[in-house]
Amino acid sequence: MPRKKTPTIYDVAELSGVSISTISRVLNAPDKVNAETHKRVIEAIDKLGFMPKAEARARAMRNTGRIGVLTPFFTAPSFVQRLRGVASALSKANYELVVYTVESAAQLENYFASIPLTSNLDGLIIMSLSISEENAHRLTKYNIPAVLIEYPHPTLSSVEIDDVEGGRIAADYLIKKGHRRIAFLGDTDLPEYAIHPVSLRLSGFRQSLQNAGIEIPDEFVRLAPYTQEQTLRVANELLNLPNPPTAIFAATDFQALGVLKAARTMKVQVPEQLAIVGFDDLDLADYTDLTTIRQHLDESGRLAVEILLSRIDDPSRPAQHIHLPLTLIERQTA
């Protein structure tokens, strides 16, 4: 039986109908290739199972492993804390960490198309990003173990929380404290390629209020871009209403701290006149005595690494889906 020929870059060129230099640009500078050509080349690469020789050789000779993290919002506090958990777990293993930040949907697709071919990764952690069936299949085809954080997929391992339950916990806590006029503040500037947990937290929040027979006026549900300036503006609008809320649930600690600042600026007593509950339990929440919903950010990063390394050691392990608990941390703001 004749030995199967290893596909070459010339085979990719022939199948895709483009030049070798164009294929090189797709692999090394995908942003310089138009979308149609990029798609045609990647489809040819996938169909042939082509791997650049230099990458194949590097994988075979490398002693230190490489774990990639694909993430949006690299500077957002919650992502930094998750990444801290990843780095902490990897520091005890013989792996280096490579971070890929996503700034557009097109860039996300380019990463999924090129990472299996050019990045020499032993595994990939995908934070708060959706993944299509096609891209999940591509990772499996190129034998790159992957773990998702916040976004489940049936064939890939994941670490996630119940955002709807988080909204319920916050609302139930404030209702038990005797509040009836409870507002919600979330962020709006999430790009199309990221997941949107804020809408799920709002859903759980609404459910608990409805179960308690509490109506939430439209003006009590506010969405603002993820900046302190915009959060302060919206918080001021809420507190200046003729009949303002006595409690505000902010879908992130970052925005809850903006509400806290607005209240102090307006001489509104917290928690006597206004209770504030956040979500995440960032390091800053402890420093500012913020009552919040803890979602174990560092732990999600550490767990993702543990699951990933176990899959690297034993590729036959089935996908794991870990649900981390949410905990209400009661401090001084509610």
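The values are calculated or read from the model by the stated rules, or taken from the named source; none is laboratory data. Quick caveat: nothing in here was measured; it's all calculated off a predicted structure. Here the Cβ positions follow ideal geometry from the backbone for every residue, glycine too, while neighbour counts run over all protein chains shown. Heads up: the accessible areas ignore ligands, DNA and RNA and are worked out on the full protein's heavy atoms, side chains in. Shrake-Rupley method; radii C 1.70, N 1.55, O 1.52, S 1.80 Å.
Miscellaneous remarks
- Cα-derived Rg over Rh, computed across segment 165-253 with Rh taken as Kirkwood radius: 0.96
- Taking 0.692 mPa s as the viscosity and 37 °C as the temperature, the Stokes-Einstein diffusion coefficient of segment 250-334 based on its alpha-carbon Kirkwood radius rounds to 224 µm²/s.
- Pairwise Lys count, the chain - Cα closer than 30 Å, eight or more residues apart or different chains: 21
- Mean Cα-pair separation over length for the chain, i.e. relative contact order, pairs under 8 Å, 6 or more apart, %: 18 percent
- Set the Cα radius of gyration of segment 105-208 against 2.2 N^0.38 Å, with N its number of residues, and you get 1.39.
- Estimated distance in nm for a label pair at residue 228 and residue 267, the labels positioned 7 Å out from Cα along Cα-to-Cβ: 2.3 nm
- Alpha-carbon radius of gyration plus Dmax, which is the widest Cα pair, for the chain in Å: 23.5, 84
- Annotation: Cα Rg of segment 188-334 relative to the compact-globule expectation 2.2 N^0.38 Å equals 1.23.
- When the charge dipole of the chain is built from unit charges on Cβ atoms (+1 for Lys and Arg, -1 for Asp and Glu) and taken about the Cα centre, the candidate among 159, 142, 72 whose Cα reaches farthest toward its positive end is 142.
- Within a Gaussian network of the chain (alpha carbon springs, distance under 10 Å), most fluctuating of 276, 248, 42: 42
- By accessible area, using a 1.4 Å probe on protein heavy atoms only, the chain has 51% of its surface on carbon and sulfur.
- Scanning the chain for DSSP H helices at least 15 Å long along the axis (C-alpha atoms) with a Kyte-Doolittle mean no lower than 0.0 picks out 77-90, 105-118, 253-265, 297-313.
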